[in-house]
Structure formats: C-alpha cells, structure tokens
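Read the structure below first, then the notes.
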Amino acid sequence: MTNRFHHRENPPLRIAHLITDLSVGGAQSMLMRLLPALRARGLESTVITLRRTEQAISPSLAARAHCLNMTKSPADVLAPLALRRLLRRSQSDVVQTWLYHADLLGILTSVMTPGSRTIWNIRSANTGHLYTSGTGRLLVRALSTLSRFPAAVVANSQAGIEEHTRLGYRPREWVLIPNGLDAAWFEDEPDAAGRLKTELSLPPSACLVGLIGRYDPLKDHKSFLVAARQILGKLGRDTHFILAGDRVDNDNAALVAQVRALGLSKNVHLLGVRSDLRYVNQGLDVATCTSIGEGFPNTLLEALASGTLCVSTDVGDARRIVGRFGAIVPPKEPGVFADAVVRVLSMAGDTRKSLERTARAQAKETYCIADIARHYEALYRRVAAR
C-alpha cells in the first residue's frame, strides 16, 4: 500500500479494520461504535474478520464485512495472501488490527506488503494465566517479539500498556485511547427503574444490584453470587440481583446450579443477552464488576454514563474510570465486595443523586465516541503520512 494522497488537499483516508470475529465482546462493541464516528469525520472503513460468527454483535456489520474464513486448518497458512489481496482491493492507507490473532496476521501480511502501515490495538490487561501457558503463551511471546514492527500500538487502558510492557512489548509508539460511547447512551430512559421492576414482577421498593458481562471465568460470577448472599443477609429480601450477558441465562446449568446452591433463586434474575442495556443500567441502584482480568471495563463506563454508581474490583483501569463515583475493592474477596455495595447503597439520598448526575456529565465529557474518534483519526493521519 502506498501513500496515494499527499498530492491532494484534505484527502480521504481509508482504514482497514482487521478483527478476529464479530461475536459479542468489548473489542467488537468498540469497533461497532467507532465506525460511524469515523465515517462522520470523513474516513472510509473496511472491516475484515478472520473467522465467521454465527451470532454476530451486529448482523448488518457482519453482512458488510469481508471474512477470511480461517478454520484452524493447514489452509490458514494462505491467509496472509488472501488478506493482502483484500487490502489492495480496498486501497487501505492504514490497517488497524483488533485482538491478538488479528495483530499477528496483520503484521505477517505487512511484511509481505512494502509500504503498508499497521497499527495494533491492545484490549486487555490482568489476563494472568490465560497467556502464561500453552498456545496463549506462545502467541504473546511471538507478538512481543514482533511488537517493534507495527507503526504504533493503541491500548484502551494504562493497565494494558503496563502489563504488555512487562510481557516484553517494545513498540515504536504506545498510544492510549480509551473506549467511548454513542451520544444516545447519555440520554434518559423515563422511569427505567419502575419499568425494570415491572418487567421482573418486583415490588417498587426493590433494590437492584447489577452485574453485566458474559459468562466467563475472568468475570468471576461465582464471587458475585457469594457476595450477593451476604448483601441479601444485610439488606433483606427486597434486594434483587440483575445479571445480563452472553450465557447468563437459565440455559446455563452451571450458573443456575450456583444460584440454587446459595439459596438465591428468588432474588437472582438472569436476563441473558440484552439489546437495551442503557435501560437496564438506568434501572439499577448500583452496577458492579467482579472481574479478575480486564483492560477497560465497558460495563463500568456504561453504568456511569447511565447515572449509576459502581462497585468494582481493582482490575485494569477500573479505578481510573470509577473515580469517586462508587468503590474499588480487591478481586476475589466477596465479603469486602459485599460491604462496599452496602456502603454505596446506604449513601444519603441527596449525596447519591448529586454523584449520579456528576458521573453522567463527566462520562459524557470524557468518553463521548465523537471525541474518541478524533483521537483515532489523528493517529491514522500521522501514521499514513510517514
């Protein structure tokens, strides 16, 4: 790929986004939000996935995306050639990769493409054992060795930069760009709490504690449920726990068994995947994150943008995101977590309402996707001009 536009004034910029897949996840959510924001700034985007997804985060985006149809077969060795053809066809000025496997394929392809400009995107931190053994360890070792080749490496969290530096990443340039939210996230949902309680057949006096996130060991639903039992003992039976996300439903036998074993069946509500998380967040009295591994927890940003205070484990950039709008506790300590939730719920009404209003205003000022897109554009233009 060559720099075609230095002869023109205010030229268009073409970005190819290479991502592992379009399943429901933090990186995919961010990409889905970023694309229209970049388009509004005059940038053209092409999305390429390594593999196909049965239940995509956005069916319309999946329909427009190009797929390399990688299947972990010997034929995958030809993927760099297929990717190079797609990049030439799209005439991309910059290749932005998302997630580790896309980072690897992107940089291998760039070696075969003189003049190409590839930027990696780090989306995780506190990943622990996932990348210290087996194929995960080999992948991260390979990427750390290759990290000097991308034009830049974006990270959505300071914690991600620090962890990957410890893992051996030595890029030419680190660029910190946090996640962002669409403007609609900051709008009010009329009587969200009342509507959510009606939906779940709960009394108006019910107190709602939420945990939104896919069912995954890193999210540590077990610690949340143990803490929920303690919170229920402290606050009484009108306390209810709202869980949502991929595999967070009654078809998940392991999760349902944990709920039953703790005697929480009447107070835990498993909503599964929801397309109306803004409404769910605004209906909560407190939002939580019990993760043991995160970079930039989207769930915390979405809660604060909804005017909901948070209690989170001290992972990734959670402390920076939550700030004074809730509490931060150590991971895997359900008793400490439960006490923090009770403390936040026990705030005086006026103090609480003031914090909720300020949290929403600050989130809008700091994490609006239009501003985040401006940072991406500045990086893309700087790299394309090299």
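The values are calculated or read from the model by the stated rules, or taken from the named source; none is laboratory data. This is a predicted model, so every value here is computed, not measured. Virtual Cβ from ideal backbone geometry, glycine too; neighbours counted across all protein chains shown. Ligands, DNA and RNA are excluded from the accessible area calculation, which covers all protein heavy atoms including side chains. Shrake-Rupley method; radii C 1.70, N 1.55, O 1.52, S 1.80 Å.
Could you do me a favour and compute the accessible area per residue for the chain, 1.4 Å probe, result in Å²?
45 Å²
If I take R0 = 25 Å and measure r between the Cβ atoms of Arg237 and Lys332 in this structure, what FRET efficiency does the formula 1/(1 + (r/R0)^6) give, to the nearest 0.05?
On the way: r = 27 Å, r/R0 = 1.06.
Efficiency at R0 = 25 Å is approximately 0.40.
Pop out the carbon and sulfur fraction of the accessible area of region 8-146 as a percent, whole number, probe 1.4 Å. Of the solvent-accessible surface of region 8-146, carbon and sulfur hold 54 percent. Amide H contacts for Cys67 (H built 1.01 Å from N in the peptide plane; partners 5 or more residues away or on another chain; cut-off under 5 Å): Thr49. The trypsin sites (Lys or Arg not before Pro) found in region 206-272 that occupy coil by DSSP, while having at most 12 further C-beta atoms within 10 Å, are Arg237, Lys266. With helices as the sole contributors, the chain gives -13000 deg cm²/dmol at 222 nm; each DSSP H run of n ≥ 4 counts as -39500 (n - 2.57), and the sum is divided by every residue. I need the shape label for region 264-359. Rule: rounded when a/c is under 1.5, else prolate if a/b > b/c, else oblate, with a, b, c from the alpha carbon gyration tensor. Rounded, since a/c falls under 1.5.
In this calculation the C-beta distance from Val111 to Asp314 is compared with R0 = 51 Å, giving a FRET efficiency of 0.85. The region of the chain that goes longest without hitting one of the GluC sites (Glu not before Pro) in a DSSP loop, each with at most 10 other Cβ atoms within 10 Å, is 55-386. A simple charge model with +1 on the Cβ of Lys and Arg, -1 on the Cβ of Asp and Glu and nothing else charged puts the dipole of the chain at about 1120 debye relative to its Cα centre.
Summary value for the chain: 16 percent relative contact order, contacts being C-alpha pairs under 8 angstrom separated by 6+ residues. Annotation for region 207-256 versus region 57-86: alpha-carbon center distance of 36 Å.
Toward the positive end of the charge dipole of the chain, about the Cα centre and with charges on Cβ (Lys, Arg +1; Asp, Glu -1), which of Thr20, His269, Thr366 goes farthest? The residue sitting most towards the positive pole is Thr20. Structure remark: mean-square fluctuation, Gaussian network model of the chain, C-alpha springs under 10 Å; the largest value among Pro334, Pro178, Pro114 belongs to Pro114.
Where a ≥ b ≥ c are the square roots of the eigenvalues of the C-alpha gyration tensor, would you call region 304-386 rounded, which needs a/c under 1.5, or, failing that, prolate if a/b is larger than b/c, or oblate? Verdict is oblate for region 304-386.
With the cut-off at 1.5 for a/c, could you classify region 170-249 from its C-alpha gyration tensor as rounded, prolate or oblate? Cα axes put region 170-249 in the oblate bin.
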